[in-house]
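Structure, as structure tokens:
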Amino acid sequence: MPAPMAPTRIKIVSIGSGGCGKSCLIKRFCEERFVSKYIATIGVDYGVKPVQVDGADVRVNFWDLSGHGEFFEVRNEFYKDAQGILLVFDVGNRASFEDCDGWLTEASKYGTEPSSTPCILCGNKTDKRRAVEESEGAQYAASRGMQYFETSAATGENVETMFRDLFAKVLQSIDK
């Protein structure tokens, strides 16, 4: 009897300004829970989650990069070989939305080209007051060839759907 196939491993980096909810989105997806107390990521955080995507066993390696400038020298080492990008902003914080171009430039400069790597734009914290309209996020994403999702890590709204879509896009890109 043949040995079972090892699961496909994929590397996802989460990027975006500090405090926009990158870690909370990953925790919501991986552990199905929400931590309301803000604890800034120091440099980079790492997590693994086995999932099924279109019948395939996949081990997702999450590299959650700190959004704070003082950790630039640490995080720039982790872009290389990423197969998917989750670009997150806080819909209640216009500055985090305006920072998105800078994050895409940084990813490109340090080894993950957003134009050729599956990349999803995520407007997080939809359970809070808005400073960025859904149409703005959608237009920004469309103009850069990305899909756009709005989520709430607090309520779990759309989190699973967003991640599943990203994983499927990554698998499609590596099967080419």
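Note on the chain: helix-only mean residue ellipticity at 222 nm, from DSSP H runs of 4+ residues weighted -39500 (n - 2.57) and normalised by residue number, equals -9000 deg cm²/dmol.
Assigning unit charges at the beta carbon (Lys, Arg +1; Asp, Glu -1) and nothing else, what dipole magnitude in debye, to the nearest 20, does the chain show about its Cα centre? Mind showing how you got there, number by number?
On the way: 21 positive and 25 negative charges, 58 e Å.
Here the size comes out at about 280 debye.
Loop-located GluC sites (Glu not before Pro) in the range 11-98 (DSSP state not H, G, I, E or B) with no more than 16 neighbouring Cβ atoms inside 10 Å: GLU32, GLU77.
Taking a ≥ b ≥ c as the square roots of the eigenvalues of the Cα gyration tensor of the range 8-174, is the shape rounded (a/c under 1.5), prolate (a/b larger than b/c) or oblate?
Judged from the Cα gyration tensor, the range 8-174 comes out rounded (a/c under 1.5).
Label-to-label distance, ASP57 versus GLU73, with points set 7 angstrom from Cα along the beta-carbon direction: 4.2 nm.
Between the alpha-carbon centres of the range 1-67 and the range 136-151 there is a gap of 21 Å. Positive-end ranking of THR126, ALA40, ASN93 along the dipole of the chain, with charges on Cβ about the Cα centre, is headed by ALA40. Taking a spot 7 Å from the Cα of ARG33 along the direction of its beta carbon, which residues of the range 130-158 have an amide N less than 15 Å from it? Of the residues in the range 130-158, 154 have backbone N under 15 Å from the label point off ARG33.
Given the chain, what count of lysine pairs have C-alpha atoms under 12 Å apart, with each pair 8 or more places apart or on different chains? Intermediate results must be reported in sequence, preceding the final value.
Working: LYS11/LYS49; LYS11/LYS80; LYS22/LYS125; LYS27/LYS49; LYS80/LYS109.
Within the chain, the lysine pair count is 5.
None of the figures in this text is laboratory data; all of them are computed from the coordinates on show. What you see is a predicted model, and the numbers here were worked out from it, not measured in a lab. So basically every Cβ, Gly included, is an ideal-geometry build from the backbone, and we count neighbours across all protein chains shown.
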